[in-house]
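S.K.: I have a structure here, written as structure tokens, and I will follow up with some questions on it.
The values are calculated or read from the model by the stated rules, or taken from the named source; none is laboratory data. Since the model is a prediction, treat every value here as computed from it, not as a measurement. Heads up, the Cβs are rebuilt from the backbone with ideal geometry, glycines too, and the neighbour counts pull from every protein chain shown.
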């Protein structure tokens, strides 16, 4: 199981098995109206386009141990650094929810006795609204397995981050994502690009993360 909160590539409840590789869109499927697959079209497109990014991240985090204080601290610090590095690229509507996630991580790190190390601010990056949708897709999708991972953390450890529930549900976010993609179908590559940049931020956080224990 991925230690990036068992994200959308791996969740098997309500959204299909992660072990099944969805075939690329073919001519036959292209003839089906987008409206007929409004609920899952962009999820499949982005999931397939970022499948390798997810594998790379899985490999990078394969040694994380949630049952160990230091290992759990490293896991939290990776998420903290990744979210903070993406903060300037969040959709305005996501900012309250994502800031809550950052605060939860900081609280958990302090409760574990670790310093909250703010990453060096990234250079200003101009992102389109469609790129921001892709970033939101990865962050929100990463929450899907939080409750499963929470069960692997010792009861004595703080779990406000893993236990946090965002107000906007995943199915409702996917519905909004499809609506946004339908307005300008030609911008789908930007959504994919945003998702890839979010995975890259997590991978970079794995490389840079240090928790003083």
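S.K.: Out of (1) part of a helix (DSSP H, G or I); (2) modelled with pLDDT of 90 or more; (3) out of contact with any helix residue (DSSP H, G or I) (no Cβ under 7 Å at 6 or more places or on another chain); (4) surrounded by 14 or more Cβ atoms within 10 Å (Cβ to Cβ), what's the single condition that is false for residue 99?
M.R.: (4)
S.K.: Among the residues in the range 185-195, are any in contact with a helix residue (DSSP H, G or I) (Cβ under 9 Å, 6 or more places away or on another chain), more than 30 Å from residue 69 (Cα to Cα) and exposed (fewer than 13 other Cβ atoms within 10 Å of the Cβ)?
M.R.: yes
S.K.: With under 30 Å from residue 113 (Cα atoms), touching a helix residue (DSSP H, G or I) at 6+ places or on another chain (Cβ under 6 Å) and at pLDDT 95 or above as the only criterion, which of 83, 57, 5 stands out?
M.R.: Working: 57 fails: at pLDDT 95 or above; 5 fails: at pLDDT 95 or above.
After ruling out the rest, the residue left standing is 83.
S.K.: Within the range 129-164, can you find the residues that are in contact (Cβ under 8 Å) with a residue 12 or more places away in the chain and more than 25 Å from residue 53 (Cα to Cα)? Steps first, please.
M.R.: From the range 129-164, those in contact (Cβ under 8 Å) with a residue 12 or more places away in the chain are 129-150, 152-154, 157-164; that's our starting set.
Once the filter is applied, which keeps residues that are in contact (Cβ under 8 Å) with a residue 12 or more places away in the chain and more than 25 Å from residue 53 (Cα to Cα), the range 129-164 yields 153, 154, 157, 158, 159, 160, 163, 164.
S.K.: Only residues that are in a helix (DSSP H, G or I) and more than 15 Å from the chain's Cα centre (by Cα): list them for the range 124-146, please. If you could, list the steps in order and put the result at the bottom.
M.R.: At the first step, the residues of the range 124-146 found to be in a helix (DSSP H, G or I) are 129-141, 146.
Listed by number, the residues that qualify are 129, 130.
S.K.: Do you know which of the residues in the range 133-149 that are out of contact with any helix residue (DSSP H, G or I) (no Cβ under 6 Å at 6 or more places or on another chain) and buried (at least 19 other Cβ atoms within 10 Å of the Cβ) is modelled with the lowest pLDDT? Write out each step before concluding.
M.R.: So in the range 133-149, the residues out of contact with any helix residue (DSSP H, G or I) (no Cβ under 6 Å at 6 or more places or on another chain) come out as 139, 141-145, 147-148.
Keeping just the survivors that are buried (at least 19 other Cβ atoms within 10 Å of the Cβ) gives 139, 141-145.
Details: 139: 97, 141: 93, 142: 90, 143: 93, 144: 91, 145: 86.
Selected residue: 145.
S.K.: Which of the residues belonging to the range 46-87 are surrounded by fewer than 21 Cβ atoms within 10 Å (Cβ to Cβ) and closer than 21 Å to residue 189 by Cβ?
M.R.: Correct list: 48, 49, 51, 52, 53, 55, 56.
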